Each structure stands twice: as structure tokens, then as C-alpha cells.
1. State whether one or more residues within the stretch 36-48 are over 30 Å from Trp75 (Cα atoms), at pLDDT below 90 and assigned to a helix (DSSP H, G or I).
2. Every residue in the stretch 128-170 that is small (Gly, Ala, Ser), out of contact with any Phe, Trp or Tyr (no Cβ under 7 Å at 6 or more places or on another chain) and within 26 Å of Glu70 (Cα to Cα), please.
3. Please go through the stretch 290-334 and give me each residue that is part of a helix (DSSP H, G or I) and over 25 Å from the mean Cα position of the chain (by Cα), ordered by number.
4. Can you tell me which residue within the stretch 388-401, out of those that are near the ligand (Cβ under 8 Å from one of its atoms) and open to solvent by 70 Å² or more (accessible area, probe 1.4 Å), is modelled with the lowest pLDDT?
5. Run Asp281 past the list (1) modelled with pLDDT of 95 or more; (2) open to solvent by less than 60 Å² (accessible area, probe 1.4 Å); (3) among the charged types (D, E, K, R) and report the number of the one that doesn't hold.
6. What residue, among those in the stretch 231-252 that are among the β-branched types (Val, Ile, Thr) and assigned to a helix (DSSP H, G or I), is nearest to Asp347 (Cα to Cα)?
7. Name the one entry in Gly118, Gly138 that is modelled with pLDDT of 90 or more and among the small types (Gly, Ala, Ser).
8. Within the stretch 152-173, restricting attention to residues that are outside any loop (DSSP other than H, G, I, E, B) and crowded, with 17+ Cβ neighbours inside 10 Å, which residue is farthest from the chain's Cα centre (by Cα)?
Amino acid sequence: MHLKSRSKPYIIPEYSLTGDLLSFLTCNLQYRYQNKGTLPPSMPIQLWFGEFIHGVMEEAYLKWEEEKLEFPWQWDKDIRPIEEMIDQRLRSRGLFPPSKQYCPEHFPEEKIGVYEFGDNPYARIASARAERSINVWGPYLFPLIDSSEIRLKGIRDMPNYDKKHSRSNHYSVNGVIDVLSSFKINNSTQRTIDSYQNTIVQYLQKDKSFREVLKNKIDNEYEVIIDYKGMRRPSTDSETYKQHEWQILTYSWLREQQKDAKPIAAGIVFYLNELVPSIIDLKLIKEDIVNGKTDVEISKKDKESLLEWDGNENYYPTLSDKFRLDRSIRIIPIQKDKIEGSLKEFDSVVNQIESSLIKEQEGIKIGDAWKAEAEQRTCDACDFKTICQKNKGNIENFTVP
Ligand code: SF4
């Protein structure tokens, strides 16, 4: 009797924008080693703060919802326990805080109320940013939240599908929306956008391109996708700046596939480091202003203060609260044609990843199947530089990150 062999399982490759595509674009080979080789990076400082601030904001929202605690929150009493909980959670995943940014010691209860926040020896820059994020944006953001940590999934055709070589005829796009909010517009019932005395809604109303998008919409209730970034606002000519728009547009396409979705009018990205910029951030902000690579207006006073500053690390230029707020919020209106563009881009990067995978499956060496190309600072912090062809024999040139 002839026994049929079992057919191959039908597996749809899964791709997430942040975990796969952006990481692949940073360096193809590093992505291969980190993601397909399941090796976590050993120096994830940026990753640590990003995960930390997401966790802190999520837990702060849950606390606010349960206790309806009035703002401003006291750092040592209300915020520090959240930070410690998130730190423990991250440690269990192998993510340890950089000690210059975060004090890992337990804050003793008997010290509550003893120090001023600015003089508190337990509070470093990560805590200062967490405190500002909660107390500056929390009062306006938390009441607008409908749901948080929304997992999304969508299916797309595999680009350049070829029955013999491709892994599947489809691929899955995955993503997680940090926060989803919905507003009613032109309607006098609760949650009417016009009647909000809410700074975030005011930023939306002031945004010209958002108002343009609304003109073409006929519904009266819309969703807004919100994403936190544990970083400074990127320069307008940078890849990161474009990628954040790409992320919001992709998420809006994914969200539209869900049954309970309302039309999506905008995305908001919060660059939370802008609330407490470091010396390096200030130098980069100054550079962006000098080179015209910013989309945020600056007042004459702030500009003078920043341009007169010589980079001296013992002295911080004074910047207005308005400027810091303006830099920490970015509105991205959702336009249909732009969504199409971002999905095509998604397909194109998936195609590149799949092509490298196919090459490797066909026996081509990893170093030849995946391109080793990255910015110098990425190579400086890369765990694989000793085995990377690009940097072979060049190790002594690396700076310590
Ligand atoms: S050293 Fe640079 S080029 Fe080589 S894998 Fe790492 S990031 Fe990529």
C-alpha cells in the first residue's frame, strides 16, 4: 500500500512593524542574529527605557482608573511603587536598568515626603521623565482612553509569491496600539471634541492637516491612535521620523479591520523624553533648529536661550513649558492615500526579509544572505561586530557606547 506523505503545515509568517521591520531596516544581519537566532541584545539601553515608560504609563492609567487619584501625583508616594513594579517585570525578562538613568534600590516607605523631588537621591532621569509624563499628560490623556494595549492582526498577500520558494502565499501584519481613544465631533453629547477643555484635544483642533482630514469625513465619532515613545522628537529628515508616521498609518489599517472600529482620524505620538531633555537631547534640538530640521515652532526667547548655550554641561538653557509640550506631541492625520503607501512599503520590506530567508534556506552563508549595513553608532553597540564581515579587522576602531 502506498502511504501518502503528510503535507507541509500551512504556516503564515508573522511580521510586526516595530519588532521586525524597523529592526531589519536598522541592520539586516543584526536582525537575523537577534530575531531569527533568538539571541536578545546585551546592551538594550534604549529598549529598556522604551519598555519602562510604556509599562509605567499603562500602570499609571490603571491606577488612575481604579483610584481616580487627583493630579499632580506625588513621585515618592504614588509613582515610585509603579516604577519598582515595572523594573521587576523587566528584570524577569532580562532587561536591567542602566544605573545612570534609574536607581535600582527600593525606596523606603519611611522616606516618603522627606525629600523634594528634584533633590531625591532615588530619582534619576528615567524617574523624572516618568513623573513628568504622568503629571503633564496624564490629566488630559487618561480621561480620553477607551482601551489600552490593543493587539492587532491583518493578513496580506505575500509579495512576489512563488509557489516553489515562498514560505506562504500570505503573511500576517501584527501590532499593538498603546492607547485608543474615541471622540464625538459635532455632537453635543458626552465626549464632544469641541467642548473639551483638554490640552490634547486642543492640539488636535489646532492642527491644520487634522482639520483638513475632518472636512472629508461624514461620521461624527472617530478614533485616535496613541503611541508613547521613550525618545526625543526625531529630526524631520530622519528615517525614524518617517517610520513613526508609517507605524501609525499601518496601525490604522490594522485597526480598521476590527469589527468594533470607528473611523480613525489621527494618530498621536508622544515623545516623552522631550519633557525632561538630557544634555545630549538639548544639543540635538539645537542642531535641528540651526539646520531647519524641526517641525515645531520656537519662540524668540526659547531660541535665544538655546542658541546662546555653548553646550556647557553644568548649565541647562531654560526652555518654556510650552516649547517642551509642543515638542513632545506629534499629530499624524490619517489619510487614505498615505495608508496605501505605508502598506506598499511594508510589503516591500517583508519581501526583502523573505528573500534573505530563502537565500539562507538554499545554502547561502548567513553573512552573504543578509546585508551587513548600519550606522556607526548601531555597529558600536552591536553584539555581533566580532563576527560581522563589515567590521572584521576593524574592531579597535569601535568607541565604547
Ligand atoms: S556590526 Fe554593524 S553591520 Fe555588522 S551586524 Fe552589527 S550592526 Fe550590522
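The values are calculated or read from the model by the stated rules, or taken from the named source; none is laboratory data. Here the structure is a predicted model, which means the values were calculated and not measured. So basically every Cβ, Gly included, is an ideal-geometry build from the backbone, and we count neighbours across all protein chains shown. Heads up: the accessible areas ignore ligands, DNA and RNA and are worked out on the full protein's heavy atoms, side chains in. Shrake-Rupley method; radii C 1.70, N 1.55, O 1.52, S 1.80 Å.
1. Yes, that holds for at least one residue.
2. Ala128, Ala130, Ser133, Ser147
3. Val290, Lys300, Lys301, Asp302, Lys303, Glu304, Ser305, Leu306, Leu307, Glu308
4. The residue in question is Lys390.
5. (1)
6. Here is the first cut: in the stretch 231-252, the ones among the β-branched types (Val, Ile, Thr) are 236, 240, 248, 250.
The next check asks that each one be assigned to a helix (DSSP H, G or I); those that pass are 240, 248, 250.
On the way: Thr240: 18, Ile248: 16, Thr250: 11 Å.
This residue is Thr250.
7. Selected residue: Gly138, the only one of Gly118, Gly138 that is modelled with pLDDT of 90 or more and among the small types (Gly, Ala, Ser).
8. Selected residue: Tyr171.
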